[in-house]
Amino acid sequence: MGTFQRTALITGGATGIGLASAQAFSKAGYNVVLTDLEQKVVQDVANTIKGPTLAIKLDVCDQTSIYVAFKEGERVFGQIDVLHANAGVSSMKRALDLTEEDWDFNFNVNAKGVFLSNQAAIRHFLKHQNKGVIVNTASLAAKVGAPLLAHYSASKFAVLGWTQSLAREHAGDGIRVNAVCPGFVKTGMQDREVKWEANLLGSTPSDVFQSYIDQTPLGRIETAEDVADVVVFLASDKARFMTGQGINVTGGVYMG
């Protein structure tokens, strides 16, 4: 397998933002380590990416699974230079209807998954090259608490706090850690959320979808590619003096 100079490992890479990120990294000349929960699915997706791509089954809630993926990526490509910690889940309920299972489901993937994958990346960077980049996928809901998504929002606020702390601890090691905060992105996750929200509010999915556009000053729904391009920028040397940031990619929904 021929290789390029740098390698990016993406979690949750089989769909949505993760897949767009993998495609954007490949286009930018990176080797791609594409990971997701199901080996066949992630392999099928990897086969559609033109550049050198390694497909690996990875569960971000399982520390051993994460370290195995880094080890395999290292074996094939020499080292991992960038982690895009993108794997995430959501569910939707009113706050008082949430169960412990709802809370744990969101936090285990969205917060713990970032924690475990970031630790693995930092250890890899320190062992191999004393530099590296992490980009975590947070959310608009990490900046503004979202009704019907209190548990999801809390998990994404945790991602931002972790990102800032890790950036401060490891800046001296040549490691940059940032996050992207997408808004209303057209993905499979959004398709589910539109239906959930319509049901909870007594509305229709089309009305909910239109409300997302109405809230977006740039006047259209966000695409996964809108986010992926910012991820690749943050991983590049053009963002060399940026760390600890939560970059809004919302079309103007949030401007703080």
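Filter the range 213-233 for residues that are more than 13 Å from Phe25 (Cα to Cα) and charged (D, E, K, R); which is surrounded by the most Cβ atoms within 10 Å (Cβ to Cβ)? Per the stated criteria, the residue is Glu222. Among the residues making up the range 1-19, a single one is modelled with pLDDT of 95 or more, of a type in the set (Val, Ile, Thr), surrounded by fewer than 24 Cβ atoms within 10 Å (Cβ to Cβ) and under 17 Å from Gly29 (Cα atoms): Thr7. Annotation note: of Gly202, Gly188, the sole residue that is surrounded by fewer than 14 Cβ atoms within 10 Å (Cβ to Cβ), within 22 Å of the chain's Cα centre (by Cα), among the small types (Gly, Ala, Ser) and farther than 16 Å from Val114 by Cα is Gly188. Does the range 234-249 contain at least one residue that is surrounded by fewer than 16 Cβ atoms within 10 Å (Cβ to Cβ), touching a residue at least 40 places away in the same chain (Cβ under 8 Å) and of a type outside the set (Lys, Arg)? Yes, some residue in the range 234-249 is surrounded by fewer than 16 Cβ atoms within 10 Å (Cβ to Cβ), touching a residue at least 40 places away in the same chain (Cβ under 8 Å) and of a type outside the set (Lys, Arg).
Quick one: in the range 52-85, of everything that is among the small types (Gly, Ala, Ser) and modelled with pLDDT of 95 or more, which residue is nearest to the chain's Cα centre (by Cα)? Looking at residues that are among the small types (Gly, Ala, Ser) and modelled with pLDDT of 95 or more, I get Ala85. Val109 satisfies every condition listed in (1) β-branched (Val, Ile, Thr); (2) within 25 Å of Gly174 (Cα to Cα); (3) within 14 Å of the chain's Cα centre (by Cα) except (2). Within the range 198-230, the set of residues being under 30 Å from Ala171 (Cα atoms) and in contact with a Pro (Cβ under 6 Å, 6 or more places away or on another chain) comprises Val227 only. Looking only at the range 123-163, filter to residues that are within 13 Å of Met92 (Cβ to Cβ) and in contact (Cβ under 8 Å) with a residue 60 or more places away in the chain; which one of those is surrounded by the fewest Cβ atoms within 10 Å (Cβ to Cβ)? By that ranking, first place goes to His151. Of the residues making up the range 231-253, those that are more than 23 Å from Ala146 (Cα to Cα) and in contact with a Pro (Cβ under 9 Å, 6 or more places away or on another chain) number 0.
Out of Val89, Val41, Val32, report the one residue that is buried (at least 22 other Cβ atoms within 10 Å of the Cβ) and out of contact with any Pro (no Cβ under 6 Å at 6 or more places or on another chain).
Val32
The values are calculated or read from the model by the stated rules, or taken from the named source; none is laboratory data. Here the structure is a predicted model, which means the values were calculated and not measured. Note that we place each Cβ from the backbone using ideal geometry, even for glycine, and neighbour counts take in every protein chain shown.
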